Amino acid sequence: MESGDGTVFLVYGAPGAGKTALLDQCRERAEKQGWNAVRIRTDTLLNPRKMMRALGYGKIPSIDTISVNLSDAVKMEIMTSKANHPHTSDVVGKRKKKPLLLIMDESQKLASAHEHPIERREDLEGLLEDIHNGELNKPVILLAAGLATTPSVFRSLGISRFSEKYNIKLGPLSKNSERAVIFAWITKDANVTEDPEEWIDAIVKETHGWARHVHSYARHASEYLKANGRIMTPDGLKAVLELGRSGRIQYYEQRTDEFYADQLQCLIESIPDAFSGIDADMQDIMSALINKYGKKEAKNLFDSFIEKGILEKNKDGLFIVTPSLHSWLVDEYGKN
């Protein structure tokens, strides 16, 4: 980990792109290099007391444990309880002078900061600005990961000046990387000595480079092989693919469970085939939604598809985030 005085570092992309796994690797590396690495929730940034607990500042000791010289933790608690509006920047910047890495997943949820009292929103904006500009008396990095809407959320909170190296969008793994990950699971984790190319060829047709699916299928392959003498058979490959598909379906069901069937059906019928290479126009999707639900509900529904990582946009239009999700939606909700 390297930092001057601090910065906000964004990692964003579609569900299953590997954001959470990347955060875990960053935390491990930061701790090895002497950083204090702390996972926080989005609401922690809006609440000084929650930030104190996250940073391990503790609670006020009982009266008989307080010495004449109050500890830093007690002073911090008294400051927080007495102040009309304590600032989260004060909590983050004080004590423990070693560099601090704050790790926050699902960062798109910061959009709900607009629902909090104005003083809390101002406090959040001040904290982000202080981290971004390195004004907290020690190196502090906020490593924020989230869906594709995350950069726009930070822009709404006043942080828009991201250099290229601090603003990373994750997408599918390259073909070589995808195959290398599966190869490692089969040959190193499962300790298989046979040529795994046939299994790798079959798995990559299912995973399309998406890190979550690659990990899931490869893990199933490793576990199956270790449980069955490390022998690669056609029946074994069939079982692994079935396990991978089952897990993938469960994941997609979880991603879409807040939408009604008719809403998903309306969406899937308004966009091109998953493998056509053609992206949908916003006008086509909105027209379909408006015709069925009216303008207000259509706008809310469209925004939800974006916020929940079902739809993503690029310079050419809109698309379902992964081909396999698109295909599953067609199978489940397309007209027969």
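The values are calculated or read from the model by the stated rules, or taken from the named source; none is laboratory data. Model, not experiment: these values are computed from the prediction. In this analysis, Cβ positions are derived from the backbone assuming ideal geometry, glycine residues included, and neighbour counts consider all displayed protein chains. These accessible areas exclude ligands, DNA and RNA; they are computed on the full protein's heavy atoms, side chains included. Shrake-Rupley method; radii C 1.70, N 1.55, O 1.52, S 1.80 Å.
Here are the numbers for this structure:
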read-out: Failed item in (1) open to solvent by 20 Å² or more (accessible area, probe 1.4 Å); (2) in contact (Cβ under 8 Å) with a residue 24 or more places away in the chain, with Met51 passing the rest; value: (1)
read-out: Selection within the stretch 289-321 - touching an Asp or Glu at 6+ places or on another chain (Cβ under 7 Å) and open to solvent by less than 60 Å² (accessible area, probe 1.4 Å); value: Gly317, Leu318, Phe319, Val321
read-out: Hits in the stretch 322-336 - residues which are open to solvent by less than 80 Å² (accessible area, probe 1.4 Å) and part of a helix (DSSP H, G or I); value: Pro323, Ser324, Leu325, His326, Ser327, Trp328, Leu329, Val330, Tyr333
read-out: Count of the stretch 151-169 residues which are hydrophobic (A, V, I, L, M, F, W, C) and open to solvent by less than 40 Å² (accessible area, probe 1.4 Å); value: 4
read-out: Check on Ser270, surrounded by fewer than 20 Cβ atoms within 10 Å (Cβ to Cβ), under 30 Å from Ala298 (Cβ atoms), at pLDDT below 95 and of a type in the set (Ser, Thr, Tyr); value: yes
read-out: Flag for Gly236 being in a helix (DSSP H, G or I), in contact (Cβ under 8 Å) with a residue 40 or more places away in the chain and small (Gly, Ala, Ser); value: no
read-out: First in the stretch 172-194 and open to solvent by less than 50 Å² (accessible area, probe 1.4 Å), second anywhere and aromatic (Phe, Trp, Tyr), Cβ under 8 Å, 6 or more apart; value: Ile182/Trp199; Ile182/Tyr217; Ile186/Trp199
read-out: Members of the stretch 282-311 found to be touching a strand residue (DSSP E or B) at 6+ places or on another chain (Cβ under 6 Å) and not in a helix (DSSP H, G or I), listed by number; value: Leu311
read-out: Residue identified as buried (at least 21 other Cβ atoms within 10 Å of the Cβ) and touching a helix residue (DSSP H, G or I) at 6+ places or on another chain (Cβ under 6 Å) among Ala144, Ala148; value: Ala144
read-out: Criterion: open to solvent by less than 60 Å² (accessible area, probe 1.4 Å), in a helix (DSSP H, G or I), at pLDDT 85 or above and charged (D, E, K, R) - qualifying residue of Asp24, Asp43; value: Asp43
read-out: Total residues in the stretch 107-133, condition open to solvent by 50 Å² or more (accessible area, probe 1.4 Å), of a type in the set (D, E, K, R) and in contact with a helix residue (DSSP H, G or I) (Cβ under 8 Å, 6 or more places away or on another chain); value: 2
read-out: Of residues in the stretch 223-246 being buried (at least 16 other Cβ atoms within 10 Å of the Cβ) and among the small types (Gly, Ala, Ser), the one nearest to Arg212 (Cα to Cα); value: Gly244
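Results for (1) modelled with pLDDT under 85; (2) among the β-branched types (Val, Ile, Thr), shown as yes or no for each residue.
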position: Ile66; (1), (2): yes, yes
position: Ala83; (1), (2): yes, no
position: Pro86; (1), (2): yes, no
position: Ser89; (1), (2): yes, no
position: Gly93; (1), (2): yes, no
position: Ile103; (1), (2): no, yes
